[in-house]
Structures are given as structure tokens and as C-alpha cells.
1. Where both partners of a DSSP beta bridge lie in the chain, what percent of those bridges are antiparallel, to the nearest 5?
2. Can you compute the charge dipole magnitude of the chain about its Cα centre, using +1 on each Lys and Arg Cβ and -1 on each Asp and Glu Cβ, nothing else charged? Give it in debye, rounded to the nearest 20.
3. So between Gln151 and Arg107, what do we pick up on full extension, going 0.36 nm a residue minus the alpha carbon distance?
4. What accessible area per residue, rounded to a whole number of Å², is obtained for segment 2-225 using a probe radius of 1.4 Å?
5. When the accessible area of segment 2-225 is computed with all protein chains present and a 1.4 Å probe, what percentage of it is carbon and sulfur?
6. With the cut-off at 1.5 for a/c, could you classify segment 2-225 from its C-alpha gyration tensor as rounded, prolate or oblate?
7. In what sequence, highest mean first, do 190-199, 55-64 appear when ranked by Cβ atoms within 10 angstrom?
8. Return a whole-number percent for the relative contact order of the chain, with Cα pairs under 8 Å and 6 or more residues apart as the contact set.
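The values are calculated or read from the model by the stated rules, or taken from the named source; none is laboratory data. Nothing here was measured: the structure is a model prediction, and the numbers come from that model. Heads up, the Cβs are rebuilt from the backbone with ideal geometry, glycines too, and the neighbour counts pull from every protein chain shown. All accessible areas refer to the heavy atoms of the entire protein, side chains included, with ligands and DNA or RNA removed. Shrake-Rupley method; radii C 1.70, N 1.55, O 1.52, S 1.80 Å.
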Amino acid sequence: MDLSVLADPEAVGEHAASIVVAALAAKPALVLGVATGATPLPVYRRLARARRSGTDFSRLSVVALDEYIGLRAGHPASFAAYVRREVAGPLGVPAERLVVPEGRGERLEEQIRAAGGVDLQLLGIGRNGHLAFNEPGSPLDSRTRVVSLSQTTRSDNARSFGSEAVPTHAVTQGLSTILEARHLVLLATGSAKAAAVAAALTGPVTPDCPASVVQMHARVTVLVDEAAAAVDRDGAVGR
Ligand code: PGA
């Protein structure tokens, strides 16, 4: 595992974007797995800037990790909308090279295989240690499936829903699906993530902290800012 502690979220974004750009230079038809949420936004902003400066994204494919169940098509809080708005649009990725989970995710794994598998997977981490929407208790060998969302996750994501209720269920790539990506890049910023980061990287590999599965992968890059690298005084993982 290659761990870098960087000054702040922007520095994490800069470093992660440089990893993506280098991977793209080595393999122009890169399959990039993208995380949603606030953490990777600085990465996507920098990738969009790189495209404007001439980096060639024309053969890039993009695969999303997860999606809410029950939102109308095009709902602005849906992850499909996020991926189109923050990634596919700015990077010019056409619909035929964009894979987002649909329905109950029945076709997602087949679509990932058809794309050639994920080369580089960007990952966030939840305060409760979740990875994509694999909440605590998720089997380490889980595959793409429908899950119910924890209260922590629903309240953390409420900011995207205004007065609307946050969905109770989602479809997510499983932990074992995520581990099939060739390179994992885990990003975490802010003190609210510190305990989860410590548990994921230094604790046991356990369904209690789904992100701990990254310890099982041969090629993992972890980019955290100083706030996320500092363990909370009580060391407790948020639930
Ligand atoms: P965040 O979400 O980047 O918005 O904190 C990360 C996650 O829940 O996995």
C-alpha cells in the first residue's frame, strides 16, 4: 500500500488527478472507475482542466460504483446525474463509454467485463467505513446487489436532497467486485474521516469496516489530507 498524507483536499485532488493522467498516458483507452460525493470533486475539476490544456480523454471509459434506488431518471441527486455533470460531460465521455448501475444492477458486472474491467478505481470512504454503498456488515465476498442504507449514510447524504427524503436503498458494486479493479486509489479528506481511515488501513480486515478490504488488494494508493490522517481522540468510527 502506498500512502501519501497531503496538506489539504486540493492537494489530494491534484495528486489523484496526476495519477489518472499518468494512467491515461500509459493506456489511452483507460477504464476509470469513479466515486461520487464531495471528496473526489477536486480530482474531476483538475481532470477537466487537463482536458482543456490538451490531455486526450477521447478513448476514456467511465464506470460508476453505485446508485440510489427509486429516484426518477435525471434526478439531480442521482449518481448518474453526478457522473454526467462532474465527469462524463467535462471530459467528453460519450454515453456508449459510460457505465452507471441501472435498475437493480443486474447488468453492471457484465458491462464492466465487456469494457475490459476497471483499470483505476477512485474510492471515497464513509464515516462509518463504507466503501461505495457497502455498509458495515457487507460480506467481504459481496458482488453487485441491492442494499439498504445506514442512518449515518442517509444523514450524510441528506445535503443533496434538500427537503426530500433520502432513498432507503441503493445498488452497489460489491466489495469483491471493487477488488477486481487493477489499481485502487482511496481518497479521504477532513477530520470526520480520520477514524474510518485508521480502521480501514490499520485495523482488521472485517465486514465491520468494509473499506478495510483495500488491505487485500495488491495495488492500492491511499491519498489523505492531514485532517483525515489524524485519528480522533476517542478513536471511534462513526456509525
Ligand atoms: P463524501 O462521501 O466524499 O461526500 O464524503 C464519501 C462516501 O460516502 O463514500
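1. 30 percent
2. Working: 24 positive and 24 negative charges, 114 e Å.
About 540 debye.
3. Working: separation 44, 0.36 × 44 = 15.84 nm, distance 2.78 nm.
Stretched fully, the Gln151-Arg107 segment lengthens by 13.1 nm.
4. Ligands and nucleic acids excluded, the figure is 41 Å² per residue.
5. On the way: 4760 of 9100 Å².
Accessible surface attributable to carbon and sulfur in segment 2-225 totals 52 percent.
6. On the way: a/c = 1.32, a/b = 1.12, b/c = 1.18.
Rounded, because the longest to shortest axis ratio a/c is under 1.5.
7. Values: 190-199: 20.9, 55-64: 19.1.
Taking the mean over residues of other Cβ atoms within 10 Å, the ranking is 190-199, 55-64.
8. Details: 507 pairs, mean separation 60.8, N = 239.
It rounds to 25 percent for the chain.
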